[in-house]
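Notes for the one structure printed next.
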Amino acid sequence: MKYKYCPRCDKAYIKSRLEKDSCIYCGGPCETVDVKRNGMYYLGYAIMLAGAASAFVPRFVVVSAPELFIAAGIGLVVGGSVIIIMANGAMTNMAKEKAMEDDTAPE
Ligand SMILES: [Zn+2]
């Protein structure tokens, strides 16, 4: 995943494909760094998918307590998104650290 880091704003954020290399906040020059998705991100994704699947079970299969599947599904989806948000935070920090390292590294 490509991240941008703006030294002027001291902010790192996900770079979208259409964006130029300038900061979306101040328009200044940014560092672009590549950060690999961490394991937490995939874990959050898997939990979210499992939750979505669980919430859909009562639609396709006759179960005795469909509301339990739906409640569990919603819980998992919410939990998964929280993990993804946390993983994103960790990756943002990594992007920041990487951008700062690149600055100090000798050419
Ligand atoms: Zn900026």
Notebook entry, point to check: Is it the case that SER64 is of a type outside the set (D, E, K, R) and touching a residue at least 12 places away in the same chain (Cβ under 8 Å)?
Noted result: no
Selection over the stretch 60-90 where residues are open to solvent by 60 Å² or more (accessible area, probe 1.4 Å) and of a type in the set (Val, Ile, Thr) yields a count of 7
Here the residues within the stretch 13-37 that are surrounded by fewer than 14 Cβ atoms within 10 Å (Cβ to Cβ) and in a loop (DSSP other than H, G, I, E, B) are SER16, ARG17, LEU18, LYS20, ASP21, TYR25, CYS26, GLY27, GLY28, LYS36, ARG37
Residues of the stretch 39-59 being within 19 Å of ASN93 (Cα to Cα) and either loosely packed, with under 14 Cβ neighbours inside 10 Å or touching a residue at least 60 places away in the same chain (Cβ under 8 Å) (or both), in sequence order, are GLY39, TYR42
In the stretch 2-12, anything surrounded by 16 or more Cβ atoms within 10 Å (Cβ to Cβ) and of a type in the set (A, V, I, L, M, F, W, C) is listed as CYS6, ALA12
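It is to be established whether one or more residues within the stretch 17-37 are modelled with pLDDT under 90 and away from the ligand (no atom under 16 Å from the Cβ).
Restricting attention to the stretch 17-37, the residues satisfying the condition of being modelled with pLDDT under 90 are 17-21.
Checking which are away from the ligand (no atom under 16 Å from the Cβ) leaves us with 17-18.
Checked against the condition, which is being modelled with pLDDT under 90 and away from the ligand (no atom under 16 Å from the Cβ), the stretch 17-37 yields at least one hit.
The values are calculated or read from the model by the stated rules, or taken from the named source; none is laboratory data. These numbers come from a predicted model, not from an experiment. Reconstructed Cβ throughout: ideal geometry from the backbone, glycine too, with neighbour counts over all protein chains shown. Side chains included, ligands, DNA and RNA excluded: accessible areas come from the protein's heavy atoms. Shrake-Rupley method; radii C 1.70, N 1.55, O 1.52, S 1.80 Å.
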